[in-house]
Amino acid sequence: MIAFENVAYSYGGGDLLSDVTLRLAPGSFHFLTGPSGAGKSTFLKLAYAELLPTAGRVTLFDRDVTTLSRDDVARTRRRIGIVHQDCKFLDHLSVAANMALPFTVSDRESDPQDLDELLAWVGLRHLADALPPQLSGGERQRAALARAVIVDPDVILADEPTGNVDWEMSLRILTLLVELNKMGKTIVVATHDLNLIRQAKAQVQARVLRIAKHRVQLAGADL
Amino acid sequence: MRFPRAKPASPATRALQVVPPSGPTAWLATFTAGAMTFLCVFALALSLASGRLADRWSEALARTATIRLSAPAEQMEIQTAAILSVLATTPGIASYRALDEAETRALLEPWFGPGLPVEALPIPRLIEVVEGDPGYDSQGLRQRLAAEAPGALLDDHTRWRRPLAEAAERLRILGVLSIALIGAAMAAMITLAARAALATNAEVIRVLRLVGARDSYIARAFVRRFTLRTLAGSAVGTAAGMAGVAALPAADAAGGFLTGLGFTGAGWLWPLVLPLLAALVAFLATRRAAFQKLRELT
């Protein structure tokens, strides 16, 4: 689904990531952890073609990212739900319109009843008409998650989805991600919150990728 | 939880403003488009009018010539008769006639006032010649006149017709050049405005790319906005410009240059093309700017 082969990524001054080889199997649940600045966001950006590897090969849905045109990248992103740490909403549109944005940009729209159901699932039905700046951190993260999953993507990449929220809200978001995984979605969650990972392990078979010394390694069972 | 089913976008979703409204600065583009089109209407009027003028002058003057006869009083009648007989036998002349005293007096009246004793003055005799089609050989006619009537001088008006026609032609070129320059300036202005709007909305564009928008979708949002703005602005500019031209004093019979500035007949349709042209310029300029900018973002 998403495969890295000897991938390296370097900014001007040396490698941030190097020699990364891994394969995200369909239906898997991965946590990506490591100190801040280690390259968690860079890893995710490589996985949705925001960045191109400086060496090696990244394959998205069996296609080498370097062969993708800009329109191919756009189409690929419709199969990948992305939850950004800072959410990235269009602040002049309502929460409901923001959630439906992946449909809007492909000249489609969702059935209003289905959209309502999705809003209810993330607990934001009462805020459908609110503007994003009026939302709390937890509400924003859940709205971002709803937007990421609205087009029924195969993969969900979440970058610190619990970064700005309290523990209770973190658990709620984790529960949503676990539910999605049980529906067969491939999930990658970048986080530095080890408690969250421990909590998840009780609910789902999650694997942990740790970034250390520019490498991405599969961590052991113990944390 | 069930994933929403997709269906084709309704008009409401399609018209959704994914790019936030840009407030008062948007009016600057509309205003500039309007002002430029207003100027363009006058440049158009100028080039159409000078084109007409050039045609009129060439046409009116090319077909006529004048023979001026200065001779001692006793020679006058003899030489006049000689000239007329030369003209009668020259091919390519449609008609000719000697101006009588009353006509000569009328020509001189604006300068000398009425009651001029024309017969007491050594005033040259004027003979009007109208060229046929094909015309006559002016060089040959000159030589024959010199032989038959030494005091005769053929003036076929080329001496002052040509510079006037040339001036009018230059004026027309200047008008066309002005229209082209205004069009280029408008393209430059809209490109700058579009680039500013794209830069301001870089974050919006990033979000749209993140959720899978293609470049053409994003570009469309900007292109539509700038095209409609320009169309609206230049429609108002055209209306104002046409009203201004219509309000100019009517041309007199002689078609003086300044009062002749304006549109005639079907010429009034030309300025109506300007808003469409402006919208096309805006469309192309914004589209180019948008795709250029988008390539800088992933």
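Remarks
- Of everything in the stretch A:60-78 that is among the hydrophobic types (A, V, I, L, M, F, W, C) and farther than 17 Å from A:A8 by Cβ, the residue that is surrounded by the most Cβ atoms within 10 Å (Cβ to Cβ) is A:A74.
- Selection status of A:F103, modelled with pLDDT of 90 or more and under 16 Å from the mean Cα position of the chain (by Cα): no
- Test: A:R57 is open to solvent by 50 Å² or more (accessible area, probe 1.4 Å) and in a helix (DSSP H, G or I): no
- Comparison of A:V149, A:V189, A:V216 shows that the only residue that is over 19 Å from A:S41 (Cβ atoms) and among the aliphatic types (A, V, I, L, M) is A:V149.
- For the stretch B:23-80, the tally of residues that are hydroxyl-bearing (S, T, Y) and closer than 25 Å to B:T227 by Cα stands at 4.
- Test set (1) open to solvent by 30 Å² or more (accessible area, probe 1.4 Å); (2) more than 13 Å from chain B (Cβ to nearest Cβ); (3) in contact (Cβ under 8 Å) with a residue 60 or more places away in the chain - A:D154 fails condition number: (2)
- Among the residues of the stretch B:87-102, at least one is in contact with a Gly (Cβ under 8 Å, 6 or more places away or on another chain) and at positive phi.
- Residues that are open to solvent by less than 10 Å² (accessible area, probe 1.4 Å) and among the charged types (D, E, K, R), drawn from the stretch B:216-241: none
- Test for A:Q113: is it within 22 Å of B:P20 (Cβ to Cβ), more than 7 Å from chain B (Cβ to nearest Cβ), polar (S, T, N, Q) and free of Cβ contacts under 8 Å to residues at least 24 places away in the same chain: no
- Only residues that are touching a Phe, Trp or Tyr at 6+ places or on another chain (Cβ under 7 Å) and either outside any helix (DSSP H, G or I) or within 10 Å of B:G241 (Cβ to Cβ) (or both) were counted across the stretch B:40-53, and they come to 2.
- Looking across the stretch A:162-196, the residues that are crowded, with 21+ Cβ neighbours inside 10 Å and touching a His at 6+ places or on another chain (Cβ under 9 Å) come down to A:T186, A:I187, A:V188, A:V189.
- Residue in the stretch B:52-71 that is within 40 Å of the chain's Cα centre (by Cα), in the same structural domain as B:T264 (by TED's automatic domain parsing), closer than 30 Å to A:S106 by Cα and surrounded by 14 or more Cβ atoms within 10 Å (Cβ to Cβ) present: no
- Some residue of the stretch B:88-103 being farther than 13 Å from B:T64 by Cα, β-branched (V, I, T) and open to solvent by 80 Å² or more (accessible area, probe 1.4 Å): yes
- For the residues B:T37, B:T80, B:T30, B:T13, the requirement of being within 14 Å of chain A (Cβ to nearest Cβ) and either in a helix (DSSP H, G or I) or loosely packed, with under 13 Cβ neighbours inside 10 Å (or both) singles out B:T13.
- The residue that is nearest to A:A148 (Cα to Cα), among those in the stretch A:116-136 that are at the interface with chain B (Cβ under 7 Å from one of its Cβ atoms) and surrounded by fewer than 20 Cβ atoms within 10 Å (Cβ to Cβ), is A:W121.
- Restricting the stretch B:209-220 to residues that are closer than 15 Å to B:Q292 by Cβ and in contact with a Leu (Cβ under 7 Å, 6 or more places away or on another chain), the residue that is nearest to the other protein chains (Cβ to nearest Cβ): B:D215
Table: residues versus (1) over 12 Å from the mean Cα position of the chain (by Cα); (2) among the charged types (D, E, K, R); (3) within 16 Å of A:P26 (Cβ to Cβ).
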| residue | (1), (2), (3) |
| --- | --- |
| A:P153 | no, no, yes |
| A:N164 | yes, no, no |
| A:W167 | yes, no, no |
| A:R172 | yes, yes, no |
| A:M183 | yes, no, yes |
| A:D193 | yes, yes, no |
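Residue-wise test of (1) in a helix (DSSP H, G or I); (2) over 30 Å from B:P20 (Cβ atoms); (3) at pLDDT below 90.
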residue	(1), (2), (3)
B:R159	yes, yes, yes
B:L164	yes, yes, yes
B:A168	yes, yes, yes
B:L171	yes, yes, yes
B:I182	yes, yes, no
B:A185	yes, no, no
B:A188	yes, no, no
B:T191	yes, no, no
B:V204	yes, no, no
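- Of the residues B:R206, B:R144, the single one that is away from chain A (no Cβ under 14 Å) and open to solvent by 40 Å² or more (accessible area, probe 1.4 Å) is B:R144.
- If the condition is being open to solvent by 10 Å² or more (accessible area, probe 1.4 Å) and more than 8 Å from chain B (Cβ to nearest Cβ), then the stretch A:79-101 contributes A:R79, A:Q85, A:D86, A:S94, A:A96.
The values are calculated or read from the model by the stated rules, or taken from the named source; none is laboratory data. Note that the structure is predicted; figures quoted are calculated from it, not measured. Every residue, glycine as well, gets a Cβ built from its backbone with ideal geometry; the counts of neighbours run over all protein chains shown. In case anyone asks, the SASA skips ligands and DNA or RNA and just uses the protein heavy atoms, side chains included. Shrake-Rupley method; radii C 1.70, N 1.55, O 1.52, S 1.80 Å.
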